[in-house]
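Before any comments, here is the structure.
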Amino acid sequence: MTDLPLNGIRVVDLSRVFAMPYAGAYLADLGAEVIKVDCCQAQFVDTTRTLNGPYPDNDPGELYWERAGTFQTLNRGKRSITLDLRSGDAIGILKQLVSVSDIVLENFTPRVMQRFGLDYANLRAVKPDLIMVSNTGYGHSGPWSNFGAMATALEPTHGTGAFMGYLDPGPDGRLHDGGIPNKMGNSYTDFLASWTAQLAVIASLIHRSRTGKGMWVDLAMYQVGSSFIGEGILDFAFNGRRTRRMGNRDHTMSPHGCYPYLGQDEWVTIAVRDDRDWEACCQALGQPSLAGDSRFAHPTDRHGHQDELDEIISRWTSTQSQYQIMEALQSAGVPAGPVLNAKALLADPQYRARGFFQPADHADETGLGRKEYVGRGWSLSESPINPIRPAPMLGEANDYVLSRMLCLNDEEIQRLKDAGTVGDTLADARAPSIVPLERQVELGWISGYDEL
């Protein structure tokens, strides 16, 4: 096994759903031993095990809690122990586990951890140099601190929605700024929080190595999200300007947008930054005279005639393939790239050349076999990353943690199993309902599907 940067670091992952579980997966990529604290009671289990899918062949299967693609992606490389934290025994075991670990990840509202006696003050009593990341919607202080939150609902609250939206057609027939606010296509705030947590963990480990002291990280997704739109906030603070939604257009660059190319629902992005880019773009279009057209001669002129520019560029792009457009413009120094869907991404030659998608072999009982997963966006020259390991089966590390790590005897472990405090199957579970793919197309949930 490669000597990875976080070898020897142990993480207790109490988190659920997206942001912190994904942070834990990346820490596992870097060599940390990450132990996910699951539970075997259906009403308390991580919902990505049971509700989110997607499932191979759209089939949850008998062990559906082991087959969900979302759970597999967010929890790769971890171990799993099940603990029913309503039990005093489970709380005691968790504290023992924390006492021999380095990091705790959690994303409950402040009152939850306090109620269980698992807040930083209590856990630091059993592990004085503990590093703990507490990820909440609004932080552990302030009037909103106890509000629950989801990333998609946080987006408009932290300001991103004010910058996201389509252009609206005006009475003059032209497109105008300021359409209805939109959310991003994915829970982007979760990604931001995950990346921020990883940075905070690394910084805290460096701090601990220098001082011997632990660290509590109070991570508020609300603040992380607002940092994503710092430019707009500063523009108002400095100039009093209220930015409006512009669709795919830009305040300074023009033309700037998404244009159709040869094919159905196929698009390419083009960003012209300055006059030099514009001249190069005109050459690539085969219309060099456009550079001297008074409507488009300077950036302010181009901004005033964006509808005409979009029409001219769309006529050209609609006769080309995605990579022809990209290569023609990139060769001329103009930023451009295709809009790739999941099917195209999986076949993309750049990703394949970089080894971005990596296979993982799953336990036979899951029926998953070998599947490819999204890899890491980076590589380390002096510490090559190990192959991706699948997410853990429910409670697969119970005996490892209880017996080998915490030195409980067989009688104690059996008592915990008999009480339902630990286990390796999901009690009182109901399989998720599945909508056939044909019906999903009819409902507009998906645009289509391929037989694989």
Revision key, fill the gap. For the stretch 43-165, the Cα-Cα pair-distance distribution in 10 Å bins from 0, as whole percents, is 11, 30, 34, 21, 4, 0
Review point. For residue 293 and residue 323, FRET efficiency with R0 = 41 Å and r from the beta-carbon atoms, rounded to 0.05?
Key: 0.90
**Study point:** the chain: C-alpha pair distances exceeding 40 Å, %
**Key:** 31 percent
Review point. Where both partners of a DSSP beta bridge lie in the chain, what percent of those bridges are antiparallel, to the nearest 5?
Key: 45 percent
Check your understanding: Tell me, in nm to one decimal, what length is gained between residue 275 and residue 150 on full extension, where the rule is 0.36 nm per residue of separation less the Cα-Cα distance?
Key -> 40.7 nm
Check your understanding: If each residue's Cβ is checked for other Cβ atoms within 10 Å, how do 321, 209, 204 rank with the fewest at the top?
Key -> 209, 321, 204
Check your understanding: Once the convex hull of the C-alpha atoms of the stretch 256-341 is built, how many Å³ does it hold per residue, rounded to a whole number?
Key -> 79 Å³
Point to revise | Extension gain (nm, one decimal) between residue 441 and residue 345, 0.36 nm per residue minus Cα-Cα | key: 32.4 nm
Exercise for review: Would you please put 391-401, 441-451 in order of how densely packed they are, using the mean number of other Cβ atoms within 10 angstrom per residue and starting with the highest?
Suggested key: 391-401, 441-451
Review point. If you take the square roots of the eigenvalues of the alpha-carbon gyration tensor of the stretch 277-404 and sort them as a ≥ b ≥ c, do you get rounded (a/c under 1.5), prolate (a/b over b/c) or oblate?
Key: prolate
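Sort 370, 124, 174 so that the residue with the fewest other Cβ atoms within 10 Å of its own Cβ comes first and the one with the most comes last.
370, 174, 124
Which FRET efficiency value, to the nearest 0.05, do you get for residue 434 and residue 352 by plugging their Cβ-Cβ distance into 1/(1 + (r/R0)^6) with R0 = 25 Å?
Rounded to the nearest 0.05, the efficiency is 0.20.
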Review point. What full-extension length gain, to one decimal in nm, is calculated for residue 370 and residue 383 as 0.36 nm per residue of separation minus the Cα-Cα distance?
Key: 2.2 nm
Point to revise | Spacing of the two label points (7 Å from each Cα toward its C-beta) at residue 209 and residue 265, in nm | key: 4.8 nm
Review point. What does the convex hull of the Cα atoms of the stretch 126-226 come to per residue, in Å³, rounded to a whole number?
Key: 118 Å³
Practice item. Determine, for 127, 78, the number of other Cβ atoms within 10 Å of each Cβ, and report the residues in order from fewest to most. Key: 127, 78
Review point. What list of ³J(HN,Hα) values in whole Hz, one per residue of the stretch 29-40 in order, does the Karplus curve 6.51 cos²θ - 1.76 cosθ + 1.60 (θ = phi - 60°) give from phi, with Gly and Pro shown as x?
Key: 4, 8, x, 5, 8, 10, 10, 7, 8, 8, 9, 9
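FYI, it's all coordinate maths here, none of it is from the lab. Note that the coordinates shown come from a computational prediction; the quantities given were computed from them, not determined experimentally. Every residue, glycine as well, gets a Cβ built from its backbone with ideal geometry; the counts of neighbours run over all protein chains shown.
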